1. Direction-averaged shadow area of the convex hull around the Cα atoms of region B:130-277, nm²?
2. For q values of 0.09, 0.10, 0.14, 0.16 Å⁻¹, compute log₁₀ I(q)/I(0) with the Debye formula on a Cα-only model of region A:54-172, without solvent.
3. Rounded to the nearest whole Å³, what is the per residue volume of the convex hull around the Cα atoms of region A:401-528?
4. What nm value, rounded to one decimal, do you get for the distance between A:V499 and B:K202 when each label is placed 7 Å out toward the C-beta?
5. PRE reach from A:K46 (point 7 Å along Cα→Cβ): which of region A:588-615 fall under 16 Å by backbone N?
6. From the backbone phi of region A:535-548, what are the Karplus-calculated ³J(HN,Hα) couplings (6.51 cos²θ - 1.76 cosθ + 1.60, θ = phi - 60°) in whole Hz, Gly and Pro given as x?
7. Figure the gain on full extension for B:K241 and B:A275 (residue separation times 0.36 nm, minus the Cα-Cα span) and round it to one decimal in nm.
8. Before I look further, what does chain A give for accessible area per residue, probe 1.4 Å, in whole square angstrom?
Amino acid sequence: MLGKLSWSAIPFDQPIPLIAGAVVVLLMLGALALVLAKGWMPYLWKEWITSVDHKRLGIMYVLLGLLMLLRGFIDAIMMRAQQAVAYHAQGYLPPEHYNQVFSAHGTIMVLFAAMPLVIGLMNFVVPLQLGVRDVAFPTLNSVSFWLTATGALLVNISLVVGEFARTGWLPYPPLSELRYSPGVGVDYYLWAVQISGIGTLLTGINFVTTILKIRAPGMTYMRMPMFSWTALASCLLILAAFPVLTATLAMLTLDRYLGFHFFTNEAGGNAMMFMNLIWAWGHPEVYILVLPAFGIYSEVISTFSGKPLFGYRSMVAATLFICVVSFMTWLHHFFTMGAGGDVNAAFGISTSIIAVGTGVKIYNWLFTMYGGRIRFTTPMLWSMGFLTTFITGGLTGVLLAVPPADFILHNSMFLVAHFHHVIVAGVVFALLAGIEFWWPKAFGYRLHEGWGKATFWFSIVGFYVTFMPMYVVGILGMTRRLQHYDVAEWHWWLQISSVGVLILIVAAGCQVAQLLVSYIRREELKDITGDPWNGRTLEWVTTSPPPVYNFAVLPQVIDTEYYWELKQRAFEQARLSEEPKYEAIEMPRNSPTGFVCAFFATIIGFALIWHIWWLMIVGLIGAYATFVVFAWRDVPEYMIPADEVAQQDRARRAARQHILNTGEVAWQ
Amino acid sequence: MIFIRRVGRRVLPCFCVLAAGLLPSLAQADSILEPVGPVGKGDALIMMDALVIMLAIVIPTMIATLGFAWWYRASNTRAVYRPDFTYSGKIELVVWSIPTLTIFFLGGVIWIGSHTLDPFTPIPSAAKPLEIEAVSFDWKWLFIYPEQNVATVNQLVVPVGRPLHFRITSASVFNVFFVPRLGSMIYAMNGMVSQLNLRADKPGKYLGFSAHFSGDGFPDMRFDPVAVPAAQFANWANGVKGAQLDRNALGQLLKQSRAVKPYAYRGVDPALFDAIAARRVAPGEGPEGGRGGAEGRNVMPHGGAP
Ligand code: HEM
Ligand SMILES: [Cu+2]
Ligand SMILES: [Cu+2]
C-alpha cells in the first residue's frame, strides 16, 4: 500500500535531523495557525498564491531563495563544525549523515537558493526594464514558480522522511546506481531536481519569448538595459542546457527504476558518459547564475557612478561570447580521467578563453567608475566587494583550467575554495546587492543603510577568513568531502575556516536585522518618488511599488537610457512631459493552476520516490485534469478602467512634480 | 566613508598576518609545492608559471579598481566628473587585447604542459619502469606487483629513482589515485584502465589517498606510499608474506569494508587485473540497503583480511 515507506524511514536513531525537522514542522504549523487565526488566508490566496503578476512571483521566488539560502548555510555550518573537530576522531556526524549534508548543501545552494534568487530578480525586474506589463505567459510563470517550490519541498521532506542523496551535489554513477545507493536518497534528488528543472525550463521559454517579442515600443535590442540582456543570455542557456540535465537524470532514473544499464557497472554501462552529459549542463549552469549577476553589477555600478555603462556594446558582445563558449568547456571537470594531451589542451584553452569575456567586463566596469561620481551605498559596496574579490577567484579558476595544475588540484579543497570564491563573491553578493537595489521598487521603502553596510563588512571579512584557509589546505593536499582526517597541518587551518563561518553567522544576523529594522522604520525610509537612487532605466519611471499594470501608458523609447534623458529634460525645463491619454488596460486574471499543479507534482514526486504506484497515478490524473481545465478555460481577462489608471498616474506625476518644484532631491 | 576607512585600517593588518602565516605553511610536509619527483615538479612549475602570468595583469587591475573607486568617490571635489565618457574605441581595443594576449600566452603553456605532462606518457629513463597494477575497491586499494608476484592492500612500497608505471582500474565505483608529493592524480574507473607514470626521487613516507568521493568509507582509503632505496625494495618484495590472491580472495575484497589495515598477498593470479578491468568478474557488492530499502548494512569494520 505504501510502497517502501514504513516507520523505519524516520531516522529515530539520529537526533540532529529529527530535531531540525521537528523545529521546521513546528514553525510551519505555527505560521499556518497564525495565518488562519488572523484570517489572512483569503488575502494570501487571492493576492499571492494564485497571483500571476510577475512582480509578486518575483518576490515569492526571492523569499524561497532566501529561505533555502539559510537552510544551505545551516548545512555549511554543520560541515565546518564537523571538520573543525574530526581530526583523529569521528566528529559528531557519522559518514552516512555528513555525506548527506554536503550533498544537500550543494544541491540546495545551487538549485534552490541561487537559482530562485536569480530567477526571482529576473521576474521582478525584466518586464519593468523592458517597459511592459507582464511576461509573455503569466500563468506559466506561476506554474514555474510552484514547481520550483515543489522541488525545494521534496528536498526538505527528505530531512525527516527517509534520507537525502549521499553522492554529492551531482550524483555520479556508479555510486548513485541502485547497487551502491539502494536507499531513497538519490531518488529524492532525482525527482526534486527533475520537477524544479521543468519549472526552470518553462521560465527560460517564458523569458526568451518575453524579451524577444514584447518590449516597449522603440525598445530595440541595443537600447535594452544590461540586466535584461544578461537575463536573455541566461535564459538562452537555460533553453539549451536544462533539457540535457533532464535527459541525463532520466537515464539515471531508468537505471534505478527499470533496470536499464546506461551508467551501471554491468551490461556495458558507461558511467563516464554521465560525467560528460551532466557537465554539459553543469558548466553552462554556472553561467546561468553568473550572467544575471553581472547584469546586476552593471546596473548598480552605472547608477551609483552616475554614468551610463561604459562600452555597452562591448558588454553585450562579451555576454554573448561567454554564452556560446560556456558550452565548449565541460571537459575541464575531468581532465584527470586521462583523455590525452590534445583533448586536455583543447579544453584547457577553451576554458581560459571564457576569461577574456569576463576580463572585458571587469575593465568596462572600471571605466564606468572612471570619471564618475561614486556613491558608496550598500549595493555599491557589494559591487566593490565583488570587483576586488572576483578577480582573484577568476585567477584560481583559470589556474584550474591549466591541465597539469589541475592534475594536482582536482577535487581538492583548493577547488572548493575556488568555486565558493566565484559563486559567493560573484553570485551571492550580486543577489544581495540586487535585493537591496530593487527592494524600494518592490515594497516602497528603502532598506536601512547602516545594517546593510554592517552586513557587507562582516560578509567580506567572513568570506576571506572562511575560504582562504581552504585554498591553503588544498595546497597541503586535502581532498574534498572528507568526513574525518588525521593530518595535523590541516587541522588548524580548518579551525580558522570555522571562525570565518562564525563571522558569516554575524553577517547573516545583520542581514535579518536589516530587514526587520527597515520594516519597522518603513515610514521614514519611504520611497515617495519611485526613483530612490537617481536611476537610469525604465523601472524607475513608475511608482514604488508599481501598480499591477506597471505603466499607465507604455513608454515610447527613443534612446538608450531613455528614462535618464527624460529626467534630465524635465529638470532643465522644470516641468514634466505632457500628460498622456489614458486608456483601459487588460490584465491577466489570477489562476490557481500553478499551485494546484505543484500540489499534484509533489504527490507524484513523493509517490515515485517511495514506489507508491497508486498514489502516483492519482497525482498524474490530478495534474492532467488541472492542465485540461486551464486549457479549456473560457473567461476573459479583466479590464482596469481608464479613470482608475488616470487617477493613479496623476498621483505619481504629482509626486514627481513636487520634486521639480521644490528642487529638493533626496537621492541616496 | 570614514566608516570604510576605519574598517579598512583594521582589515588590512589581518590580511598581512594571514599572508605571512600562509607562505611558510605552504612548504609543509605534504604540500603539492614540495614535490619529490619529476612529475610533481613539472605540475607545480606549470602551476606557478600560470600563476605569475596571471598575476601580471590581476595585480594592476586590482590596484586600478581600488584607485578609481577611491578617487572618483562623490565627496572628492578634485575629481573631474565626466558623465559623457561612455565609449572609447581605443580603450575597447586595449580592453579586449589585454586578456586575449594573456590567454594566448597561457594557451601556449597549457598546450605544452598538457602534452609533456600527460599521465600516460612514460618518464624518459634508462631503467625499466616498475609495473604496478592498482585497483580501487569499497573502500580500500589493492596494489599488484606482477613481476614480484606479490600484492598489497592499502600499502604502496616503491623504489626510489626508478620510474613507476601504474595501470589503474576500479572494481566498484570511481576513485582517484593521488599522492600529492609525487604529482598527477588519475581516475580509477570500472571497465577502464588508466595509466599513470610517476617517480619518487627521495626516500620517505608520503600521503596517498583517494581523491574522489566514493561512499561512506571514503575518508579511510589511505595507502600512504613509502619510497625506499632499490635494494631495500627488493628485500621487501622478497620478504612479503601472505595468502594467495586468487578469485576467492577477490571475492572478499569485493565486499565493502572500511579503514582496512594494510596486509599483503604472496602469489597473484596474473590474469586478475585484466579480468577486473574487462568486467569479467562481478563488480563490488555495495551495501545491502539504505533508508527506504532493506535496513542494515553489511560493512566489515576494520577488517577484510582473510
Ligand atoms: C555561505 C557560506 C558557505 C560556506 C561556509 C560553505 C561551505 C562549504 C563546505 C565546507 C563545503 C564542503 C567541502 C567538502 O567537500 O568537504 C561546501 C560544498 C559546496 N558548496 Fe558551499 N558553502 C557556502 C556557500 C555556498 C553557496 C552560496 C553555494 C552555491 C550557490 C555553495 C555551493 C557548494 C557546492 C556546489 C558544494 C559541493 C558539494 C559537494 O561536494 O557535492 N556553497 N560548501
Ligand atoms: Cu573512463
Ligand atoms: Cu565548468
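1. Working: hull surface 29.4 nm².
Result: a mean projected hull area of 7.4 nm².
2. -0.32, -0.38, -0.64, -0.77
3. Per-residue hull volume (Cα only) is 108 Å³.
4. My value for the distance between the label points is 3.0 nm.
5. A:589-592
6. Residue by residue, region A:535-548 yields x, 10, 10, 5, 4, 8, 6, 8, 6, 10, x, x, x, 3 Hz.
7. Fully extending the segment from B:K241 to B:A275 adds 9.8 nm.
8. On the way: 23040 Å² over 668 residues.
Solvent-accessible surface per residue comes out at 34 Å².
The values are calculated or read from the model by the stated rules, or taken from the named source; none is laboratory data. Because the structure is a prediction, the values reported are computed rather than measured. Every residue, glycine as well, gets a Cβ built from its backbone with ideal geometry; the counts of neighbours run over all protein chains shown. Note: accessible area is taken over every heavy atom of the protein model, side chains too, but ligands, DNA and RNA are not part of it. Shrake-Rupley method; radii C 1.70, N 1.55, O 1.52, S 1.80 Å.
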